[in-house]
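Engineer: Submitted below is the structure of interest, expressed as structure tokens.
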Amino acid sequence: MKYNTALSFAKRVKTLSDDCFLEENYIKIDEILKLNNFPTDIIRKILRTTKYSVPRNPTTTTEKKSFAVVPYIPVLSERIIKKVTENHNNIRAAYKPLKTLANNIYTKGKTKIEKEDQAGVVYKINCGVCEKVYVGETGKRVKTRKKQHITDLENIMANPNRTAILTHTSKTKHKFDYNSIEILEHESDTKKRKILEASYIASLSPYAVNKKTDLKDIGDSFLSVLNTFSEKSIISPKRKKRKRETSENVNEVEK
């Protein structure tokens, strides 16, 4: 019983030891067994059995893997992960659902909150004439942020470049449709919400009128990946056609 315990101990040490420490560990095994009053001939037999009969685990060089979690945004997230994994074989990426099954189950019994009463959101406002959009975020209720936008518009002459919306309106005389604000994401954490906002701004380029400073919460490497997917297909063809027709009608009226 005692012999088998010592032999198992020696085998385990050999199996787990790196090659460069193996001889040093044999010496330590010998010392430990002597301290436990094992006879010299038994110790030699254990070491001899261990050295020549226990196979070593093959030494394999494993490449260190890195993992990245990407918030799931339909179409965009798939393209980001495909692009990243193609260029970096040592990176494994996974989606992080922004809406979970638990959220859907446990919110069924709650009273539905109207869109304008919702808070902690990333939202989008469409220009009422062209295909430009504005992406924003707020921790306040949507109707409070909407009222701020309308107040800014009323005071546009005082500072026409105060916001990206005012800059676009001042240059083109176009008005944004504040009554059809679209909520893109819900996020109570301010930092995460700003990152989501910047991600949408980058992905909607060149249609987003937002200023470059709105992208400061995204790292340069991630921003370059997002820019790869900034394409016109993000705006639906039907909406582009409708906007183009509206713009042509406005131009006819002005003439």
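The values are calculated or read from the model by the stated rules, or taken from the named source; none is laboratory data. Since the structure is predicted, the reported quantities are computational estimates derived from the model, not experimental observations. Every residue, glycine as well, gets a Cβ built from its backbone with ideal geometry; the counts of neighbours run over all protein chains shown.
Engineer: Among the residues of the range 176-186, count how many are in contact (Cβ under 8 Å) with a residue 12 or more places away in the chain and more than 21 Å from Lys211 (Cβ to Cβ). Explain how you work it out, then say what you get.
Structural biologist: Initially, the range 176-186 is screened for residues in contact (Cβ under 8 Å) with a residue 12 or more places away in the chain, giving 176-178, 180-186.
Keeping just the survivors that are more than 21 Å from Lys211 (Cβ to Cβ) gives 180, 183, 186.
Final tally of qualifying residues: 3.
Engineer: Could I ask something else about it? Please return the ranges of helices (runs of 4 or more DSSP H) entirely within the range 159-255 where 3 or more residues are modelled with pLDDT of 80 or more and assigned by TED's automatic domain parsing to the domain that holds Cys130. Let's see the steps before the verdict.
Structural biologist: Values: elements: 164-172, 190-203, 220-228, 237-254.
Of the helices (runs of 4 or more DSSP H) lying wholly inside the range 159-255, those with at least 3 residues that are modelled with pLDDT of 80 or more and assigned by TED's automatic domain parsing to the domain that holds Cys130 span 164-172, 190-203.
Engineer: Mind listing whichever residues of the range 112-158 are in contact with a Phe, Trp or Tyr (Cβ under 8 Å, 6 or more places away or on another chain) and either of a type in the set (D, E, K, R) or at pLDDT below 90 (or both)?
Structural biologist: Result: Lys124, Glu131, Lys132, Glu137, Arg145, Lys146.
Engineer: I need a count of the residues in the range 148-158 that are touching a residue at least 12 places away in the same chain (Cβ under 8 Å) and outside any loop (DSSP other than H, G, I, E, B).
Structural biologist: Residues of the range 148-158 that are touching a residue at least 12 places away in the same chain (Cβ under 8 Å), as a first pass: 149-150, 152-153, 156.
Pick out the ones that are also outside any loop (DSSP other than H, G, I, E, B) and you get 149-150, 152-153.
Total meeting the criteria: 4.
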